[in-house]
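Note sheet for the following structure.
The values are calculated or read from the model by the stated rules, or taken from the named source; none is laboratory data. It should be emphasised that the depicted structure is a prediction, and the values quoted were computed from it without experimental measurement. Note that each Cβ is placed from the backbone with ideal geometry, even for glycine, and that neighbours are counted across all protein chains shown. Protein only, heavy atoms only, side chains kept; ligands, DNA and RNA dropped before computing areas. Shrake-Rupley method; radii C 1.70, N 1.55, O 1.52, S 1.80 Å.
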Amino acid sequence: MVYYFILAAIPFAIVSAFCIHWFTISEESNPNKRLETSRGIYLGFSFQVLVFAWLLFQLGHARFAFPLYAIAFSMIGDWFNLQFPFAKKYMKDPVLGGIFSFAIAQVFLILSFRQLITWEELYQGVKPILVTAVFLILPAIIFYFRVYNPDRSKWVMASAFIYGLVLCFFVSLCVNAYLLYGGTWMYLAIGAGFFLLSDAVMGETTINGTRHPKWEFQVPWITYLIAQCFLLIGFFLVSHTRMLAH
């Protein structure tokens with residue numbers, strides 16, 4: 001019972017605190033000024049998620065190591081994406097450092113998933129293969145029409161595209177697992193979906209570099225925080241469920 005209270009209370013507190021912060025800056029219409037005001041606050045939220053991951057690692061032991069590493073590299077990516085002056089001083093485009101960091105985080109998420117289920121168990125029949133194909137092809141098409149910008153760095157565009165494929169592969173894994181088993185796999189599917197939504201919005205705005213709506217940073221961040229919390233809860237619950245089953 002205590003586990004479930006912690007699982008619900010900490011993510012609720014993180015997301016609620018972000019919503020309160022968002023309300024306090026609602027009158028500022030310039031997204032860059034919003035970012036300048038919020039950099040430290042957002043990195044603080046990222047650290048809170050890392051602490052949540054560490055707590056679950058303590059409860060879940062070695063089986064929860066990879067999700068913890070994923071959140072740690074995500075926080076490094078957050079530092080780059082928040083474009084702190086120190087990062088901008090040594091990198092022409094800090095977002096590139098963010099993409100690399102999040103790519104490593106996605107690899108650890110896939111390794112986390114792989115600890116829970118085998119490829120043979122997941123890919124039975126044609127349906128899961130089709131699901132993965134859809135998640136790889138459709139985002140690639142969307143990337144071409146909504147994210148790609150020939151005026152931006154080729155390194156940024158190529159890295160963002162490859163990262164998107166890795167992310168979409170992970171999302172397809174979570175969706176396939178939920179379609180196969182249901183139950184607690186739902187948390188992973190929801191988390192992966194919010195992660196995809198967060199990065200899709202960031203791709204269309206920050207990565208593209210030509211669209212800067214008022215909510216340019218807030219929408220990706222709130223969906224990102226929700227995604228991280230759902231993924232951590234999902235990995236924890238699925239890990240314990242399957243461990244008990246065996």
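Using 0.36 nm per residue, how much length does the chain from GLU36 to VAL126 gain when fully extended, once their Cα-Cα distance is taken away? Don't skip to the end; give the middle numbers.
Values: separation 90, 0.36 × 90 = 32.40 nm, distance 4.84 nm.
Here the answer is 27.6 nm.
Looking at the stretch 22-90, which GluC sites (Glu not before Pro) are DSSP coil and have at most 15 other C-beta atoms within 10 Å of their C-beta?
On the way: sites: GLU27, GLU28, GLU36; in loops: GLU27, GLU28.
Within the stretch 22-90, the qualifying GluC sites (Glu not before Pro) (loop, at most 15 other Cβ atoms within 10 Å) are GLU27, GLU28.
Taking the Cβ of SER26 as the centre, find all other residues whose Cβ is under 11 Å away and add up their charges (Lys, Arg: +1; Asp, Glu: -1). It would help to have the intermediate numbers written out before the result.
Working: positive: ARG34, LYS214; negative: GLU27, GLU28.
So the surrounding residues net to 0.
Once a ≥ b ≥ c are taken as the square roots of the eigenvalues of the Cα gyration tensor of the stretch 58-186, is the result rounded (a/c under 1.5), prolate (a/b larger than b/c) or oblate (a/b not larger than b/c)? Spell out each step's value before the answer.
On the way: a/c = 3.33, a/b = 1.38, b/c = 2.41.
Since a/c reaches 1.5 but b/c is at least a/b, the shape of the stretch 58-186 is classed as oblate.
Just check the chain against the gyration tensor rule for me: Cα atoms, a ≥ b ≥ c as the square roots of the eigenvalues, rounded for a/c under 1.5, and otherwise prolate or oblate depending on whether a/b exceeds b/c.
The shape class here is oblate.
Take the alpha carbon atoms of the stretch 1-37, find their center, do the same for the stretch 116-181, and report the distance between the two centers in whole angstrom.
28
Using the Cα centre as the reference, give the magnitude of the dipole from point charges on the C-beta atoms of the chain (Lys, Arg: +1; Asp, Glu: -1; all else neutral), rounded to the nearest 20 debye. Show your work: numbers first, answer last.
Details: 15 positive and 11 negative charges, 54 e Å.
Its charge dipole is roughly 260 debye.
Taking the Cα centroid of the stretch 49-110 and of the stretch 192-246, what is the distance between the two, rounded to the nearest whole Å?
After rounding, the separation between the Cα centres reads 13 Å.
With labels modelled as points extended 7 Å from the Cα through the Cβ direction, what inter-label distance (nm, one decimal) is found for LEU165 paired with LYS214?
3.9
For the stretch 1-107, what does the accessible surface come to per residue with a 1.4 Å probe? Please give it in Å². Mind showing how you got there, number by number?
Numbers: 5810 Å² over 107 residues.
Averaged over the residues of the stretch 1-107, the accessible area is 54 Å².
Could you pull out every one of the aspartates and glutamates with an alpha carbon less than 17 Å from that of LYS92, ignoring same-chain neighbours closer than 8 positions?
ASP78, ASP151
By a straight-distance test (C-alpha under 29 Å), which lysines pair with LYS88 as possible cross-link partners, with residues fewer than eight away in the same chain excluded?
Cross-link targets: LYS33, LYS154, LYS214.
With the dipole of the chain worked out from charges on the C-beta (+1 for Lys and Arg, -1 for Asp and Glu) around the Cα centre, which of SER153, PHE52, CYS174 lies farthest toward the positive end?
Farthest towards the positive pole: SER153.
For ILE141 and TRP119, what does the FRET efficiency come to when R0 = 25 Å and r is the distance between their Cβ atoms, rounded to the nearest 0.05? Intermediate results must be reported in sequence, preceding the final value.
Details: r = 26 Å, r/R0 = 1.04.
It comes to 0.45.
Just going by the charge dipole of the chain, with Lys and Arg at +1 and Asp and Glu at -1 on Cβ, which of PHE230, GLY191, LEU136 is farthest out on the positive end?
Projecting each Cα onto the dipole axis, the largest value belongs to LEU136.
Calculate what fraction, in whole %, of the accessible area of the stretch 1-148 sits on carbon and sulfur atoms when a 1.4 Å probe is rolled over the protein chains. Walk me through the intermediate numbers first.
Values: 6060 of 8380 Å².
C and S fraction of accessible area: 72 percent.
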